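Read the structure below first, then the notes.
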Amino acid sequence: MVPTSSAQASSSLLCTGYTSCSDKGYSHSGYATHKSTSYWRMYTGTNCTNYVAYRLVTTNGMPNVRPKSGVGNAEDWGFAMASITNSTPSQGSVAWWGKTGHHVAYVEKIVSSSEIWVSESNWSGAFDWRKITKSGSGWPDGFIHFSDLKIVNNEKPTIRGTVKVGAALTAWGGDWTPKGNTYVYRWLANGSAISGATGKTFMPTAAQLGKKLSVQVTATRTSYPTLKATSVSATVAPGTLTSSEPPAITGTARVDSTLTASTGTWSPTGATYAYQWLVDGTPVPGATGRTFTPGPSDVDRRVTVKVTATKAGYDAVTSISDPTAQLAPGLLSATTKPAISGSPKVGSTLTARPGTWSKPDLTYAYQWFVDGKAVSGADHETFVPRPADVDLQVTVHVTASRHGYATTTAISGQTGKVARGTFTIKSPPTVTGSRMRVGARLTATPGTWSPTGTYTYQWYADGKAIAGATERTFTPTKHERSHRLRVRVTARRDGYATTWALSPNTPEIGYGHIGVAKPPVITGSVRLGKTVSVAPGEHTPSGAAMRYLWLRDGKVITGATGRSHRVNTGDLGHRLTARVTLSAAGYTTRTVTTAQTGWAKATSSVRASATTGSHKVTFTIRVAAAGVHAPDGSVQVRFAGDHHRTVKIVDGRGSLLLTGQAPGAHAYVFTFGGTSTVTSSTYRKTVTIG
């Protein structure tokens, strides 16, 4: 390693020589007494590399071990330490000229990005400090950042004490590395310096009230960049007022009675006072004056007043009075007594007027009295006199209440004596019925009455009362035919005058219609020689006379006018009906025809004789009907399950030969189909085949 001479640079000397520089305040950091010692195995004495290594070891705290083998001759340092070399200067870094010269220097101060101050020991020359500007040709080729100098704030400064007007505060400077720096204090309000506040202690005044207070500590150390740290800010709170005597309340503790508050005694004097009234500890919205009148909702509760004193630069302080006694209810009075409107009469509504009272928004309860006695359940605004109240007088007691006030009762004057009630007819009685005729039931509707009553009825025919016709319904008889009917309805009710009303007249009562609820029917068997009869059915009136006429296929049978009829040969093959004529006094005659019977027929019978042979049988079949000539027709013969044959019958006779019959006993069924005049019939015969 061979130290080189200083680089050619556009610079100006600040000082030269160890003693001269020290006298001017530019330190050589003790190198004058240590230049004979080798640092980083550099040549001793006055040369750039040994001086810079000395400063890096003694000032920057690096070990006295060459960081890399290439760090020897000055021109090689930047190349060897390229990884930590750049164009940005910093305090404690190494200024390096390796491309434009062969020199290193120690950076003492960064004035700006284009001006630095360095200290250097020149080969075969003197120690000096130089100012170098970037505008000249001597600006370093780079800056090597082995271990730049810096002061580190490990923990910010803090303010100790309560940050409020008039309170003494002390600044703690914080924790720094390295130790042993010089510290300067500056107190700030909202970030701006407070004039004259440069000590470790400070007492806020009203000028700082509400501002953000912080303390700034500036750390300085020789050869190190200056560093500032600022505490967390705190808002300056007001000072504190004190109360030596609490406020007091005067006045009567009653709803609607005004209470007054005193301020109490405070220090210092000259404060401004605000009031807040409280009921059972809860602030009353809007109750912020010196006086307060409790409302109904405050009854049975206690009142206090809170007085808040404020003064510039001081906390607002509150003092509260002792509570009052429980608030008594307010007082009510009737300025005009209650009254009763309406007519004192049974069934007529009386209405209570509550009168006028000393307070609004009252709730009224009512109790009605008759003859000085309370009426059970009569506790509404209205009252309807009862039948038992006739000739007695009525009063009403009105009780006024409202939360927070004492309940008070006032009594009305008496009415006149209660009179009997009267019915009001809203619609008259009417007579209704589907037909205005004999036998058709009529119904009286009583009409609409107020109030309702108990009703009795009397029916009239052309203005004359009908004896016994006192029910709500009436069925006209032959006696009322051609007359007009009406009904009188009489209403009765306890406590009311009996009243009656007449319905309008009906039209004239016409002939009745005989009603058939169940028509007549023909009963009995329609067989030759049998007797059939007419069952009368059901009709109204029940005592109507009945006449009969028989018909054959709708044609009258001469002389057949009885209730019964014997079936004869003339009826065979025909259907019978009966025409029934009903008649009664006051009614129109009515004729009803029964439903048709079935066909009238003679009763038939069938018989068969058998002649058997080998695997065969011959039947001779005879059909007869009593009272008529032997009929024609056909007989169906069934045998062996579902086998069958049909035999023609002429004049009541026919025959049948069956072959292929298996030996043994066999059942044969003979069925005559019948005709329009003869019934069908069946005969069963068992034959044994050989």
Legend entry - Overall Cα dimensions of region 223-281, principal axis frame, Å, largest first: 82, 25, 15
Inset, instruction - Give the long-range amide H neighbours of ASP494: residues separated by 5 or more places, or on another chain, with amide H under 5 Å away, using H modelled in the peptide plane at 1.01 Å from N. - result: none
Inset, instruction - For SER195, SER214, give the ranking by accessible area with the largest first, probe 1.4 Å. - result: SER195, SER214
Legend entry - Rounded to the nearest 10 Å², the accessible area of TYR26 at probe 1.4 Å: 50
Legend entry - Positive-end residue of THR269, LEU350, VAL215, charge dipole of region 211-364 with Cβ unit charges: VAL215
Legend entry - Calculated P(r) of region 92-137 - Cα pairs past 15 Å, %: 45
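Can you give the helix-only mean residue ellipticity at 222 nm for the chain, where every DSSP H stretch with n ≥ 4 adds -39500 (n - 2.57) and the sum goes over all residues, rounded to the nearest 500 deg cm²/dmol?
On the way: 4 runs with 25 residues, N = 690.
Helix-only estimate at 222 nm: -1000 deg cm²/dmol.
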Inset, instruction - Using the 2.2 N^0.38 Å rule of thumb for compact globular proteins, work out how region 517-595 stacks up: its C-alpha Rg over that value, please. - result: 1.13
Legend entry - Dipole of the chain, positive end: most advanced residue of GLY586, LEU241, ALA662 [Cβ charges, Cα centre]: ALA662
Inset, instruction - Quick one: grab Rg to one decimal and Dmax as a whole number for region 196-259, Cα atoms only, in Å. - result: 24.7, 82
Inset, instruction - Apply the Karplus parameterisation 6.51 cos²θ - 1.76 cosθ + 1.60, with θ equal to phi minus 60°, to every residue of region 588-595 and state each ³J(HN,Hα) to the nearest whole Hz, in sequence, with x for glycine and proline. - result: 6, 4, 9, 10, 10, 9, 6, 6
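Per residue, how much accessible area does the chain have with a 1.4 Å probe, in Å²? Write out the running numbers ahead of the final one.
Working: 34490 Å² over 690 residues.
I get 50 Å² per residue for the chain.
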Inset, instruction - Work from the charge dipole of the chain (Cβ charges, +1 for Lys and Arg, -1 for Asp and Glu, about the Cα centre) and give the residue of PRO541, GLY421, HIS483 farthest towards its positive end. - result: PRO541
Inset, instruction - Would you list which aspartates and glutamates come within 15 Å of LYS68, measuring only between C-alpha atoms, while excluding same-chain residues fewer than 8 positions from it? - result: ASP76
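For region 1-158, what percent of Cα pairs sit more than 26 Å apart? Working shown, then result.
On the way: 2464 of 12403 pairs.
The calculated P(r) of region 1-158 puts 20 percent of pairs beyond 26 Å.
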Inset, instruction - Mind grabbing the accessible area of SER233 for me, 1.4 Å probe, Å², rounded to tens? - result: 60
Inset, instruction - Quick one: what are the phi-derived ³J(HN,Hα) couplings along region 634-641, Karplus 6.51/-1.76/1.60 with θ = phi - 60°, whole Hz, x for glycine and proline? - result: 8, 10, 9, 10, 10, 7, 6, x
Legend entry - Reachable lysines from LYS212, criterion Cα separation under 21 angstrom, eight or more residues apart if same chain: LYS156, LYS164, LYS200, LYS228, LYS311
Inset, instruction - Calculate the dipole size of region 431-547 relative to its Cα centre from +1 charges on Lys and Arg beta carbons and -1 charges on Asp and Glu beta carbons; express the result in debye to the nearest 20. - result: 340
Inset, instruction - With a bin width of 5 angstrom, please list the P(r) values of region 112-242 as percents of all Cα-Cα pairs, from the 0 bin to the one holding the largest distance. - result: 2, 9, 15, 15, 11, 10, 9, 8, 7, 5, 4, 2, 1, 0, 0, 0
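Under 8 Å for C-alpha pairs, at least 6 residues apart: give me the relative contact order for region 286-374, rounded to a whole percent. Working shown, then result.
On the way: 94 pairs, mean separation 17.5, N = 89.
It comes to 20 percent, rounded to a whole number.
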Inset, instruction - In whole Hz, with x marking every Gly and Pro, tabulate ³J(HN,Hα) for region 537-543 from phi via Karplus 6.51 cos²θ - 1.76 cosθ + 1.60, θ = phi - 60°. - result: x, 10, 7, 10, x, 5, x
Legend entry - Cysteines in the chain lacking a second Cys C-beta under 4.7 Å: CYS48
Inset, instruction - Ratio to report: Rg/Rh of region 134-191, with Cα atoms as the point set and Rh obtained by the Kirkwood method; give two decimals. - result: 1.25
Legend entry - Apportionment of accessible area to carbon and sulfur, the chain, percent (1.4 Å): 50
Inset, instruction - In whole angstrom, note down how far apart the Cα centers of region 27-65 and region 298-347 are. - result: 93
Legend entry - Exceeding the 31 Å Cα-Cα cut-off - candidates LYS337/LYS373; LYS518/LYS601; LYS345/LYS426; LYS530/LYS555; LYS345/LYS464; LYS109/LYS211: LYS345/LYS464; LYS109/LYS211
Inset, instruction - Enter the angle in degrees (range 0 to 90, nearest 10) between the Cα long axis of helix 48-58 and the first principal axis of the Cα atoms of the chain, meaning the one along which they spread out most. - result: 60
Legend entry - Within straight-line cross-link reach of LYS648, aspartates and glutamates at Cα separation under 20 Å, skipping those fewer than 8 residues along the same chain: ASP632
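Rank these by accessible area, largest first, 1.4 Å probe: THR85, THR356.
Numbers: THR85 35, THR356 65 Å².
Accessible-area ranking of THR85, THR356, largest first: THR356, THR85.
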Inset, instruction - Could you please tell me the mean projected area of the C-alpha convex hull for region 420-578, averaged over all directions and given in square nanometres to one decimal? - result: 12.9
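List the relative contact order of the chain as a percent without decimals, with contacts defined as Cα pairs under 8 Å and 6+ residues apart.
Values: 1752 pairs, mean separation 38.7, N = 690.
Reported as a whole number, the value is 6 percent.
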Inset, instruction - Could you give me the radius of gyration and the Dmax of region 244-343, taking only the C-alpha atoms into account and expressing both in angstrom? - result: 18.4, 77
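Regarding region 624-668, what whole-number volume in Å³ per residue does the convex hull of its Cα atoms give?
Working: hull volume 3.9 nm³, N = 45.
For region 624-668, the hull spanned by Cα atoms encloses 87 Å³ per residue.
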Legend entry - Calculated Rg and Dmax of the chain using C-alpha coordinates, Å: 70.4, 185
Inset, instruction - Would you pull out the residues with amide H under 5 Å of LEU14's amide H, same chain only if 5 or more places away, H placed 1.01 Å from N? - result: TRP129, ARG130, LYS131
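The values are calculated or read from the model by the stated rules, or taken from the named source; none is laboratory data. No experiment lies behind these values; they were computed from the predicted model shown. Neighbour counts run over all protein chains shown; Cβ positions are idealised from the backbone, glycine included. All accessible areas refer to the heavy atoms of the entire protein, side chains included, with ligands and DNA or RNA removed. Shrake-Rupley method; radii C 1.70, N 1.55, O 1.52, S 1.80 Å.
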